[in-house]
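In what follows, a structure is listed as structure tokens, so that the remarks can point back to it.
The values are calculated or read from the model by the stated rules, or taken from the named source; none is laboratory data. Please read these numbers as outputs of a predicted model, since none were measured by experiment. Methodologically, a virtual Cβ is constructed for each residue, glycine included, from the backbone with ideal geometry; neighbour enumeration extends over all protein chains shown.
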């Protein structure tokens, strides 16, 4: 029985506190002792963990952090990043979720935009912090320093529900990342969307996930699963060896990760399908995953009733367009079909560059309506408003809406290749038909022609005959360039940085 949830403002700490009140003994598991909360060990509960989050808030208060101040969380990629954000929000301060991948030069730029912010770091980012400008380095607090502080008992402070209360950043695939500002109200719409989707799950058992904690998806995901009382396993190390170990110990009913992680874990699902036999639900975004990979996981379920849920959205809008896959539906589906909007929360349209609505089956710019749209790009509102068309947001993606009202994604607008309708569709096709490939990315060469970059799966060799058979009826593609999977530049959420790849190879 599914439920459509009403909007409630999302305050990170208050949401955690309510989950503790409703489900105090619900379990939390991690695969490593984490730097910001070593007290948690490898297992805790909602009730126990809240005590330590409040303790960190009191220690941050001792260091002088006050309401409305911005605090960059710039540390190793793990769930304790979110727990720190909850502690920061207790004080009425504003967490700014900052990827450990970013260099010191960009962190200095963020300091300039944020105007006298704080920064929290750990051993993984310590060397980069030492490279910051001196005035910025002076506002940096190490995890160890925070944990050594006495606790200054201070009351909970709640910001106005329309004020900026949380920030994430864009991936930076085309330059310096933009800081995306969210309010309790905008995040509340996204949480209501997610809770409504996941209320359809028949079981309330263990969920496992490996997601970038600085992505806007993370705080929404954590907030909805805790508010519904799910126990969870937060995975820091996505290596196949670790996933194998964890699945031998735990039997999650659901797994969420970035599509590229599923691609890498598919080998394990093929070789050890019994590890996934009790996992019924899989969840990811649409980037870089093909039908064969999804089917590999769905086939492992012992009842053969698995569901793979894909959600298309953007950090600025949150989750928007939903598509559910099963073993029965996958063979006949166009994998570029994103599905439709959800209830009254979201919808999509296709428009021209000036915002003129285009008819059905006509390619153009994908624009989203979302009740959970972010407020602005902090200190760059002009750049934000360039994408605003009244209640619609231009995603920068290109596609069409078919006769059934379903959204089909072709490409990013900046990635369009003149001779191809959709590079993404060709990448999907090649990955589906050539099992020796681990990754294929089509970018533009110096002349604008489509250039495939391919990574070969472990233990496999490139097979020329199979490659040429597969591309025989496709538009012209250049001879593929081989590249190791690990050397393909990616964002914190494992998206390929196509512009950087073009620069690396052709400029």
Quiz item: What number of residues within segment 366-384 satisfy the criterion of being in contact (Cβ under 8 Å) with a residue 40 or more places away in the chain, out of contact with any helix residue (DSSP H, G or I) (no Cβ under 7 Å at 6 or more places or on another chain) and part of a strand (DSSP E or B)?
Solution: 3
Exercise. Test residue 156 against the criterion of being at pLDDT 95 or above and either part of a helix (DSSP H, G or I) or closer than 19 Å to residue 490 by Cβ (or both), and give yes or no.
Key: no
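The rows are residues; the columns are (1) within 15 Å of the chain's Cα centre (by Cα); (2) modelled with pLDDT under 95.
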site: 238; (1), (2): yes, yes
site: 244; (1), (2): no, no
site: 247; (1), (2): no, no
site: 252; (1), (2): no, no
site: 255; (1), (2): yes, no
site: 259; (1), (2): yes, yes
site: 262; (1), (2): yes, yes
site: 265; (1), (2): no, yes
Self-check item: Within segment 491-504, tally of residues that are in contact with a strand residue (DSSP E or B) (Cβ under 7 Å, 6 or more places away or on another chain) and more than 15 Å from residue 438 (Cα to Cα)
Solution: 4
Quiz item: Given 120, 106, which one is crowded, with 19+ Cβ neighbours inside 10 Å and either more than 29 Å from residue 15 (Cβ to Cβ) or modelled with pLDDT of 95 or more (or both)?
Solution: 120
Practice problem: Could you please let me know if residue 178 is in contact with a strand residue (DSSP E or B) (Cβ under 8 Å, 6 or more places away or on another chain), surrounded by 21 or more Cβ atoms within 10 Å (Cβ to Cβ) and either in contact (Cβ under 8 Å) with a residue 40 or more places away in the chain or more than 23 Å from residue 106 (Cα to Cα) (or both)? | Solution: yes
Quiz item: When you look at residue 151, is it under 30 Å from the mean Cα position of the chain (by Cα) and over 18 Å from residue 70 (Cβ atoms), yes or no?
Solution: no
Quiz item: Do we have any residue at all in segment 138-149 that's out of contact with any strand residue (DSSP E or B) (no Cβ under 8 Å at 6 or more places or on another chain), surrounded by 16 or more Cβ atoms within 10 Å (Cβ to Cβ) and more than 30 Å from residue 257 (Cα to Cα)?
Solution: yes
Self-check item: Members of segment 478-502 found to be within 16 Å of residue 449 (Cα to Cα) and modelled with pLDDT under 85, listed by number
Solution: 498, 499, 502
Quiz item: Is there a residue in segment 325-332 that is in contact (Cβ under 8 Å) with a residue 12 or more places away in the chain, over 19 Å from the mean Cα position of the chain (by Cα) and part of a strand (DSSP E or B)?
Solution: yes
Practice problem: Out of the residues in segment 409-441 that are under 25 Å from residue 351 (Cα atoms) and in a strand (DSSP E or B), state the one that is modelled with the lowest pLDDT. | Solution: 412
Quiz item: Hey, any hits in segment 485-500 for a residue that's in a helix (DSSP H, G or I) and touching a helix residue (DSSP H, G or I) at 6+ places or on another chain (Cβ under 7 Å)?
Solution: yes
Quiz prompt | Meets criteria (within 23 Å of the chain's Cα centre (by Cα), in contact (Cβ under 8 Å) with a residue 40 or more places away in the chain and outside the structural domain of residue 450 (by TED's automatic domain parsing)) for residue 402 | solution = no
Practice problem: Determine if segment 452-474 includes at least one residue that is more than 27 Å from the chain's Cα centre (by Cα), at pLDDT 85 or above and in a strand (DSSP E or B). | Solution: no
Practice problem: Check segment 388-399 and report whether any residue there is in a loop (DSSP other than H, G, I, E, B) and closer than 12 Å to residue 366 by Cβ. | Solution: no
Quiz item: Does residue 17 fit the bill of being assigned by TED's automatic domain parsing to the domain that holds residue 92, at pLDDT 95 or above, in a helix (DSSP H, G or I) and touching a helix residue (DSSP H, G or I) at 6+ places or on another chain (Cβ under 7 Å)?
Solution: yes
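A quick yes/no check of all residues on (1) in contact (Cβ under 8 Å) with a residue 24 or more places away in the chain; (2) assigned to a strand (DSSP E or B); (3) touching a helix residue (DSSP H, G or I) at 6+ places or on another chain (Cβ under 9 Å):
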site	(1), (2), (3)
66	yes, no, no
73	yes, yes, yes
77	yes, no, no
97	yes, yes, yes
109	yes, no, no
112	no, no, yes
Quiz item: Of the residues that make up segment 385-392, is at least one in contact (Cβ under 8 Å) with a residue 40 or more places away in the chain, touching a strand residue (DSSP E or B) at 6+ places or on another chain (Cβ under 7 Å) and over 30 Å from residue 271 (Cα atoms)?
Solution: yes
Exercise. Can you work out which of the residues in segment 12-39 that are surrounded by 14 or more Cβ atoms within 10 Å (Cβ to Cβ) and free of Cβ contacts under 8 Å to residues at least 40 places away in the same chain is nearest to residue 153 (Cα to Cα)?
Key: 17
Self-check item: Test result for residue 186, surrounded by fewer than 21 Cβ atoms within 10 Å (Cβ to Cβ) and either out of contact with any strand residue (DSSP E or B) (no Cβ under 7 Å at 6 or more places or on another chain) or in contact (Cβ under 8 Å) with a residue 24 or more places away in the chain (or both)
Solution: no
Quiz item: Of these, 356, 362, 346, 326, which one is in contact with a helix residue (DSSP H, G or I) (Cβ under 8 Å, 6 or more places away or on another chain), surrounded by fewer than 17 Cβ atoms within 10 Å (Cβ to Cβ) and not assigned by TED's automatic domain parsing to the domain that holds residue 114?
Solution: 326
